[in-house]
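Q: Sharing a structure here in structure tokens format.
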Amino acid sequence: MDAFPSRWGKPRNEHIDEYNTVPLNKSLPDSISQAAYGPVTHTQQPLVTGTSIIAFKYRDGIMMAADMLGSYGSLARFRDIQRLNPVGEHTVVGASGDISDYQYIQHILEGLMVKEHCYDDGHVLGTPHIYEYLWRVMYTRRSKFNPLWNALIVGGLHKGEKFLGYVDLRGTTYQSATIATGFGAHLAQPLLRKRVEGREDDITEQEAIEIINDCMRVLFYRDARSINKFQRAKITEEGIEVTDPYSVETNWSFAEKIRGYGA
């Protein structure tokens, strides 16, 4: 069996230390050590990822939803990951993509909110401010995020106005009445455009919940990286409400008539 260190993990420079006898990072010049190990990277090979986030405006504010699955490759590994994160009193940030990158975003947002609180100058960061801040963070640090990172959705109210924006790892941004990431951009977005856009001020909370449930049901049917366990966030003038995990009713009888896959 070939058990040399170069055959597993990140290889060393065999021309210098074929049998791993010298601690490379201590006894060799930095240039050689850097050549052997390569540059420092951050989650360029992600382990745990989350799928779609959907969000839209309705009469009273913003409604968002996400499932709670963290996929370890193709394995449905973690089933209790919250991907809707309240920031301040009237803002929610949702993320799809690599979970460790999202945890880093949460960390810097928490530090930002603590700093603003310590200033004690009466100024409060609103949803547009958080959106602009995340835009700058994603653009200036885009090389440190992994290529599978998808996007952030920032939703909330600011001075009575409903705000909903999108930011991805390259700093691309836009604002819209309906936004969906991941497979939701292909499967849920058409439903949102048909049922929401143009009538945002007429949709009641109950109808908004029905739209959320229909979209999440379709995503559970069609997206192999989703799970029938969701959280829903509601942002109104009264504040933020994130529901406990819940499931939607499903019906798989239609699958009996599908032909062309398997035996």
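The values are calculated or read from the model by the stated rules, or taken from the named source; none is laboratory data. Given the structure is predicted, the values throughout are model-derived calculations rather than measurements. Backbone-built Cβ (ideal geometry, glycine too); neighbour counts: all protein chains shown. The protein model used for the area step is the full one, side chains on, heavy atoms only, and it has no ligands, DNA or RNA in it. Shrake-Rupley method; radii C 1.70, N 1.55, O 1.52, S 1.80 Å.
Q: Tell me the Kirkwood radius of segment 76-155: reciprocal of the mean inverse pair distance over distinct alpha-carbon atoms, in Å.
A: After inverting the mean inverse Cα-Cα distance, the result is 13.5 Å.
Q: Need the list of aspartates and glutamates near Lys229 for cross-linking: C-alpha distance under 14 angstrom, and skip anything on the same chain fewer than eight residues off.
A: Asp67, Asp80, Asp214, Asp244, Glu249
Q: If DNA, RNA and ligands are ignored and the probe is 1.4 Å, what is the ranking of Glu207, Glu89 by accessible area, most exposed first?
A: Working: Glu207 45, Glu89 135 Å².
Reading off the accessible areas and sorting them downward yields Glu89, Glu207.
Q: Could you derive backbone 3J(HN,Hα) for segment 150-159 from the dihedral phi with the Karplus parameters 6.51, -1.76 and 1.60 (θ = phi - 60°), listing whole Hz in sequence and x where the residue is Gly or Pro?
A: 8, 6, 10, 10, 10, x, x, 10, 9, 6
Q: Expressed as a whole number of Å, what is the distance separating the alpha-carbon centroids of segment 64-129 and segment 211-263?
A: 21
Q: For segment 226-231, take each phi angle, set θ = phi - 60°, evaluate the Karplus expression 6.51 cos²θ - 1.76 cosθ + 1.60, and give the result in whole Hz per residue in order, putting x for glycine and proline.
A: Residue by residue, segment 226-231 yields 10, 9, 8, 8, 10, 10 Hz.
Q: Here's another thing I want to ask about it. Starting from the amide H of Ala188, placed 1.01 Å from N in the peptide plane, find each other amide H under 5 Å away whose residue is 5 or more places distant or on another chain.
A: Distant-sequence amide H within range of Ala188: zero hits.
Q: How about segment 152-248: which trypsin sites (Lys or Arg not before Pro) there lie in a loop by DSSP and see at most 13 other Cβ atoms within 10 Å?
A: Answer by residue number: Lys159, Arg170, Arg199.
Q: Using the Karplus curve 6.51 cos²θ - 1.76 cosθ + 1.60 with θ = phi - 60°, work out ³J(HN,Hα) for each residue of segment 160-172 in order, rounded to whole Hz, and write x for Gly and Pro.
A: Here the 3J(HN,Hα) series is x, 9, 7, 10, 9, x, 10, 9, 10, 5, 9, x, 5 Hz.
Q: May I ask you to derive the FRET efficiency for Arg259 and Ser74 from their Cβ-Cβ distance with R0 = 22 Å, giving the value to the nearest 0.05?
A: E between Arg259 and Ser74, to the nearest 0.05, is 0.35.
Q: Place a label point 7 angstrom from the Cα of Ile209 along the Cα-to-Cβ direction, then list the residues of segment 56-92 whose backbone nitrogen is under 14 Å away.
A: 63-64
Q: How many Å² of accessible area per residue for segment 48-236, probe 1.4 Å?
A: 45
Q: Could I have the simple spin-label model distance between Gln175 and Arg59, label points 7 Å from Cα toward Cβ, reported in nm to one decimal?
A: The two pseudo-label positions are separated by 2.4 nm.
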